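Have a look at the structure below, then the notes.
The values are calculated or read from the model by the stated rules, or taken from the named source; none is laboratory data. The model shown is predicted, which means the values in this text are computed figures rather than measured ones. Cβ placement follows ideal geometry from the backbone for every residue including glycine, while neighbour counts extend to all protein chains displayed. For the accessible areas, the whole protein counts, side chains as well, though only heavy atoms, and no ligand, DNA or RNA atoms are used. Shrake-Rupley method; radii C 1.70, N 1.55, O 1.52, S 1.80 Å.
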Amino acid sequence: MAYPSGYGAHGSKHRARAAPDPPPLFDDTSGGYSSQPGGYPAPGADVAFNVNHLLGDPMANMAVAYGSSIASHGKDMVHKELHRFVSMNKLKYFFAVDTAYVAKKLGLLVFPYTHQNWEVQYSRDVPLPPRQDLNAPDLYIPTMAFITYVLLAGMALGIQKRFSPEVLGLCASTALVWIVLEVLALLLGVYLATVRADLSTFHLLAYSGYKYVGMILSVLTGLLFGSDGYYVALAWTSSALMYFLVRSLRTAALGPDSMGGPAPRQRLQLYLTLGAAAFQPLIIYWLTYHLVR
């Protein structure tokens, strides 16, 4: 059978060679910003890059991760030592908190000026736990605030390109040493002033540890608004903490039964309360000023 012109074996081979390749389903964007003419980036791409670069700073991420490991390791060591030397029943009282108490207590630490009743509540001569009494001291907020301070210090040092494990470890250990020295000084003052015996070491540790809340707010404000914002936040949190400590120690810790004692003893107790409160801004500044530049 004769084929028309252009058909047959040679025609089939010619058609196979002449068939064009199918177009790709997707454009290749691996070479950069090819979706824009001339290879220029899309509008707003540089802004997104800067934000992602700030949030994904490897130095800051490493600082936060290392600070978290230090905080968790220190927490495990503290719990291990406390189980050896401390009664867990007494310690559980200071951690008997709930979400409502923590929120109200943080608000009281930041703005204590409108609070009226500062007396610790009792039930059958036993103080109510913190979740039932806003005036009761707790150790949950100081513990969490210390861990947050260590993480925030690591992030601040990482942003400033000054992070190193040694510097962060020195920062955390310095904060611990300061609070230990402060509690020892308060214990000595309580002994000399013959304050009533139910003001225990845990009470003093709780009141001393509330300063970490002000330290966190001061550092955060400094990182967001610079040194001016830092000093404004430092002044506010320091004055609020001083007022809180004076009212709490004078009313709740020292108690009304020490008001009727001899005049020299009352003056010594007043000096102890004022001295403990006045010392707080110095410690807050010493532990935070190098984190804000």
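Has the range 242-250 got any residue that is at pLDDT below 95, more than 16 Å from V213 (Cβ to Cβ), part of a helix (DSSP H, G or I) and among the aliphatic types (A, V, I, L, M)?
Yes, the range 242-250 contains at least one residue that is at pLDDT below 95, more than 16 Å from V213 (Cβ to Cβ), part of a helix (DSSP H, G or I) and among the aliphatic types (A, V, I, L, M).
Restricting the search to the range 147-181, which residues are of a type in the set (V, I, T) and open to solvent by less than 50 Å² (accessible area, probe 1.4 Å)?
Residues satisfying the conditions are I147, V150, T174, I179.
Could you run through the range 118-143 and say how many residues are modelled with pLDDT of 90 or more and exposed (fewer than 15 other Cβ atoms within 10 Å of the Cβ)?
Residues in the range 118-143 being modelled with pLDDT of 90 or more and exposed (fewer than 15 other Cβ atoms within 10 Å of the Cβ): 1 in total.
Could we say that D138 is closer than 22 Å to M242 by Cβ and of a type in the set (D, E) here?
Taking the combined requirement at face value, the residue satisfies it.
Inspect the range 102-116 for any residue being among the hydroxyl-bearing types (S, T, Y) and within 22 Å of the chain's Cα centre (by Cα) and give the result as yes or no. Talk me through it step by step, then tell me what you get.
In the first step, residues of the range 102-116 are kept if they are among the hydroxyl-bearing types (S, T, Y); the result is 113-114.
Pick out the ones that are also within 22 Å of the chain's Cα centre (by Cα) and you get none.
Taking every residue of the range 102-116 in turn, none turns out to be among the hydroxyl-bearing types (S, T, Y) and within 22 Å of the chain's Cα centre (by Cα).
How many of the residues making up the range 94-150 are in a helix (DSSP H, G or I) and touching a residue at least 40 places away in the same chain (Cβ under 8 Å)?
14
When residues of the range 230-241 are filtered for being more than 20 Å from H115 (Cα to Cα) and either at pLDDT below 95 or open to solvent by less than 10 Å² (accessible area, probe 1.4 Å) (or both), how many remain?
Residues meeting the conditions: 1.
When the range 182-209 is examined, which residues are found to be at pLDDT 85 or above, surrounded by fewer than 20 Cβ atoms within 10 Å (Cβ to Cβ) and among the small types (G, A, S)?
Matches in the range 182-209: A185 only.
Of all the residues that make up the range 157-213, how many are polar (S, T, N, Q), over 19 Å from the mean Cα position of the chain (by Cα) and part of a helix (DSSP H, G or I)?
Result for the range 157-213: 1.
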